[in-house]
1. Quick check on the range 464-473. Is at least one of its residues under 22 Å from ASP543 (Cα atoms), among the small types (Gly, Ala, Ser) and part of a loop (DSSP other than H, G, I, E, B)?
2. Out of ASN177, ASN150, I need the residue that is among the polar types (S, T, N, Q), more than 11 Å from PHE478 (Cβ to Cβ) and in a strand (DSSP E or B). Which one?
3. Considering each residue of the range 112-147, count those that are surrounded by 15 or more Cβ atoms within 10 Å (Cβ to Cβ), more than 19 Å from the chain's Cα centre (by Cα) and not in a loop (DSSP other than H, G, I, E, B), and give that number.
4. Select from the range 383-398 the residues that are more than 28 Å from the chain's Cα centre (by Cα) and part of a helix (DSSP H, G or I) and list them in ascending order.
5. Kindly indicate which of VAL532, VAL490, VAL461 is among the β-branched types (Val, Ile, Thr), closer than 25 Å to PHE423 by Cβ and either touching a strand residue (DSSP E or B) at 6+ places or on another chain (Cβ under 9 Å) or crowded, with 24+ Cβ neighbours inside 10 Å (or both).
6. Give me the pairs: first residue in the range 303-322 and exposed (fewer than 13 other Cβ atoms within 10 Å of the Cβ) and part of a loop (DSSP other than H, G, I, E, B), second residue modelled with pLDDT of 95 or more and not basic (Lys, Arg), beta-carbon distance under 8 Å, and six or more apart or on different chains, which are they?
7. Could you pull out the residue among ASP503, ASP526 that is in contact with a helix residue (DSSP H, G or I) (Cβ under 6 Å, 6 or more places away or on another chain) and either assigned to a helix (DSSP H, G or I) or surrounded by fewer than 22 Cβ atoms within 10 Å (Cβ to Cβ) (or both)?
8. Scan the range 276-286 for residues that are crowded, with 24+ Cβ neighbours inside 10 Å and not in a strand (DSSP E or B) and jot them down.
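The values are calculated or read from the model by the stated rules, or taken from the named source; none is laboratory data. The structure presented is a predicted model; accordingly, all values stated were derived computationally and were not measured. Quick reminder, even Gly has a Cβ in these numbers, built from the backbone with ideal geometry, and neighbours come from all protein chains shown.
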Amino acid sequence: MTFRTSPPTAAPRPRTGTAIAPTCLLSCLLPSLLALSLGCGGADATSSTGDAASGRAAEMAEPVAGTAHGKVRGAVEDGIYTFKGIRYGADTATTRFAAPAPPEPWEETADATRFGASCPQTPTGNPGGLFTSWRPDPTPPLSEDCLFLNVWTPGLDDGGARPVMVWLHGGGFASGNGASRAYDGVRLAKRGDVVVVTINHRLNVFGYLALGHHGESFADSPVAGVLDMIQALEWVQANIRAFGGDPDNVMIFGESGGGAKVSTLLATDAAGSLFHRAAMQSGVLVRFPGEQSVRDAADALVANLGLTAENIDQIRTLPTEAIREAAAGTGAGGAPSIDGRLLTRHPFDTDAAPHGRDVPVILGTTRTENSLFMGARDPEVFDLDWAGLEQRLADEFPDRDAAAIVAGYRQLAPEAEPVDVYFEATTDARWLAGHVLVAARKARQGGAPAYLYLFDWDTPVDGGRWRSPHALEIGFVFDNVAYSESMSGVGEEQQRVADVMADTWIAFARNGSPDNPGIPEWPAYDLERRAVMVLDESPEVVDDARAAQRALVGDVDTYLSRYQRD
């Protein structure tokens, strides 16, 4: 259900079919070469020519790539070379709460056909079964030895100079990994002739426990996970040419917590030369948590372990599970914090890291982000009546007139049901306003452009009750409709949406502009027009989309005070 308050300002360009960049020639030849390797090449298969072709096919079926630390052997999936579980850092258990160390070189060719371990974490929920089809099989183990990344590429060491798209997974800063089936890079790499990379890094208290006040040896503890991401990007710079990628054309992108990670990397000069475009999907971080709050949370964890300032060093050798248990209820490790060295300013502040000014960004939200969270927390919300809605909005926005909010939303969208208003009002306030704020700050910087979007497609899954929930767009960006079946369903309409989203992200990775034949011309966000691309199967540009709704719930003027306080 679409509730827009401004007419489109640009007509879609004529559709000429899906714009798909050509993939590597070798990937097109792979099926026939594999047939030869299996003895299906006819009478000449035993000739010298056939033997050579068979050898090439065997090499492609088990591709080997060289890295600065040693060779890795991957696999081929649908014509795309895949390498999973490549080590980019040493076991962090040996450097707990410290900056990551480089891996030890290896002599034998390392297996890269399985995902590496994920950082220890608490499993996340699966509301409505929406994430069922995302789950990898088998599920990677949990371990502090978790500094692994994965690569999908159409070509190896072929001088391809392909754009590199590095994905930072969601799950806040607390959970997740790069192995979700929704993040599988085969289709995106093949569709756009790009190199796709996903990474694991330290999370929660292992990545962001603020112990710096306990001495120099803990100085990196509030930002250890960020340092992991930077080391992964340094690995890309050093090694991606061997995987057919261009180290001078790297895009980082992420959703939810992944978007917050992108925000963080934009805020530190240490990452300044490591990437060149960025996308923040349903997640921006405007302020890091306050110094006192993260210190108090860390000290609560230390106290739960029975440690003091005098014996705090013992925390480095305690069992992993003991630290996880001690963290429960403390709020420790929820996000990186300003450490005075790596992170010195909040993202997007006027005095923020200069390099962020020169990086073009895409950012935006789904229309009903909060349907995932509110619906999972309280399924009764789907049966709201108007009286119940007003009470919930009074609780949500005590500084606003709930009756006026309801009346305003109903006037703007007379066909809306109470649950529609609830999901949209809370999304407009909690999510969209923050992204509008960041787009405006980017515009004021006068540097590289920002492109703001609103993903406005409703999933038919579960009778359509979830509307346009948080994370819905991910499967479309990766062109992974089949792997997102439990969230989006599968069909021709879903594939049309994937065509729009994947081609737009590919264009941005390649050129720094999202423009492509499948969408209208997308103006950069500015403080006059405030153009927003409304993305679905028929995208359109709307000036200052949902401004009237945001005005009812507070918009950017109350966003920081409500949701991103110190």
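1. yes
2. Every option except ASN150 fails the conditions.
3. Count: 3.
4. ASP383, TRP386, ALA387, GLY388, LEU389, GLU390, GLN391, ARG392, LEU393, ALA394, ASP395 - these are the residues of the range 383-398 that are more than 28 Å from the chain's Cα centre (by Cα) and part of a helix (DSSP H, G or I).
5. VAL532
6. Sorted first by the residue in the range 303-322, then by its partner, the pairs are THR308/VAL302; ALA309/HIS214.
7. Only one candidate passes the filter, namely ASP526.
8. SER282, GLY283, VAL284, LEU285
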